[in-house]
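Notes for the one structure printed next.
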Amino acid sequence: MPAEQPTILATSGGFKPGSRTRLEFDRLLHHAVELSGVSGRAPKVTHIGTAAGDQRAFNAEMDEASRQAGFDFSHLNLFTMPNHADPEAHLLAQDVVWVNGGSVVNLLAVWRAHGLEHMLHKAWQSGVVLAGVSAGSICWFQGGTTDSFGPELRAVTNGLAFLPFANGVHYDSEERRRPLVHRLVADGTLGETHCTDDGVGLVYHGTSLIEAVAEVRGKGAYIVTRSQDAEGAHEERLEPRYLG
């Protein structure tokens, strides 16, 4: 059952330490499934790990977590070649696409080499929920901040732009993220930027921000815009709904 409208869940979360496995799916990832509207069967969720080079060891940990969650789980690997003969058909058959973190710059380059941006856009328009964490959040926007080029954070401005904003992830846990977002918005490198503390996600229907949600209490989401005097940035905090 596809979502009623194109839906994206952009997060700085989705995982927690497992009790019997190294990790478990946390409330944000489960919320992506809820947004798909699937019922009466195991939700079909595919994981795209391009940003970290399709690490098979991490894929195996995701498989363990998915068994605990009761998902019909799969992976779309692009290294060293696509593991599905028809990646578009695979994506269109899912309820949720979850994109993991790593290098958003490398992710975008590899996706474009394989034409994946067009396949993902088609899936989004058809009601497959697009979701992810960190690089898997930034990719849906016009751009954001990244350590893809090295330890010093820089702007990335060639995102897929399904959403007409920029994105700031790990807003509370990496001290250089917030001031860089403010500087890039103030100088016009980034436009309106939607940011998430760790454990927070942003839900979009079409290109409209619907709400902020959280798997951790006390965390926030933020909208950063250029100040009217064009000499700084203005930050507005959004209080997320706790996914209890």
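A few comments on the model shown:
Table: residues versus (1) under 17 Å from residue 215 (Cα atoms); (2) at pLDDT below 95; (3) part of a helix (DSSP H, G or I).
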{"site": "19", "(1), (2), (3)": "no, yes, no"}
{"site": "24", "(1), (2), (3)": "yes, no, no"}
{"site": "35", "(1), (2), (3)": "yes, no, yes"}
{"site": "41", "(1), (2), (3)": "no, no, no"}
{"site": "57", "(1), (2), (3)": "no, no, yes"}
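- For the stretch 151-169, residues that are in contact with a strand residue (DSSP E or B) (Cβ under 8 Å, 6 or more places away or on another chain), open to solvent by 70 Å² or more (accessible area, probe 1.4 Å) and not in a strand (DSSP E or B) total 2.
- Any chance residue 52 is aliphatic (A, V, I, L, M), open to solvent by 30 Å² or more (accessible area, probe 1.4 Å) and free of Cβ contacts under 8 Å to residues at least 60 places away in the same chain: yes
- Selection count where residues are acidic (Asp, Glu) and either within 26 Å of residue 3 (Cα to Cα) or open to solvent by less than 20 Å² (accessible area, probe 1.4 Å) (or both), scope the stretch 172-223: 4
- Any hit, the stretch 60-79, residues being among the aliphatic types (A, V, I, L, M), part of a helix (DSSP H, G or I), in contact with a Gly (Cβ under 9 Å, 6 or more places away or on another chain) and without any contact (Cβ under 8 Å) to a residue 60 or more places away in the chain: yes
- As a summary of the residue check, residue 132 satisfies the conditions (1) out of contact with any Leu (no Cβ under 9 Å at 6 or more places or on another chain); (2) open to solvent by less than 10 Å² (accessible area, probe 1.4 Å); (3) not in a helix (DSSP H, G or I) except for the one numbered (1).
- Just one residue in the set 241, 237 is among the charged types (D, E, K, R), surrounded by fewer than 19 Cβ atoms within 10 Å (Cβ to Cβ) and in contact with an Asp or Glu (Cβ under 7 Å, 6 or more places away or on another chain); that residue is 241.
- Residues that are surrounded by fewer than 14 Cβ atoms within 10 Å (Cβ to Cβ) and either in contact with a helix residue (DSSP H, G or I) (Cβ under 6 Å, 6 or more places away or on another chain) or not in a helix (DSSP H, G or I) (or both) within the stretch 80-92 comprise 80, 81, 85, 86, listed in sequence order.
- Residue match in the stretch 114-122 (condition: among the charged types (D, E, K, R), assigned to a helix (DSSP H, G or I), over 14 Å from the mean Cα position of the chain (by Cα) and more than 27 Å from residue 25 (Cα to Cα)): no
- Pair list, Cβ < 7 Å and 6+ apart or interchain, from the stretch 132-143 residues that are β-branched (Val, Ile, Thr) to residues that are assigned to a loop (DSSP other than H, G, I, E, B): 133/12; 133/13; 133/14; 133/100; 133/101; 138/159; 138/169
- Selection from the stretch 55-65 of residues that are within 18 Å of the chain's Cα centre (by Cα) and open to solvent by less than 40 Å² (accessible area, probe 1.4 Å): 59, 62
- Those residues of the stretch 93-110 which are outside any strand (DSSP E or B) and either of a type outside the set (Gly, Ala, Ser) or free of Cβ contacts under 8 Å to residues at least 24 places away in the same chain (or both), in sequence order: 94, 95, 100, 104, 105, 106, 107, 108, 109, 110
- Members of the stretch 149-165 that are farther than 18 Å from residue 131 by Cβ and not β-branched (Val, Ile, Thr): 149, 150, 151, 152, 153, 154, 155, 158, 164
The values are calculated or read from the model by the stated rules, or taken from the named source; none is laboratory data. As the structure is a computational prediction, the values presented were derived from the model and not from experiment. Note that each Cβ is placed from the backbone with ideal geometry, even for glycine, and that neighbours are counted across all protein chains shown. Just the protein is used for accessible areas: all its heavy atoms, side chains included, with ligands, DNA and RNA removed. Shrake-Rupley method; radii C 1.70, N 1.55, O 1.52, S 1.80 Å.
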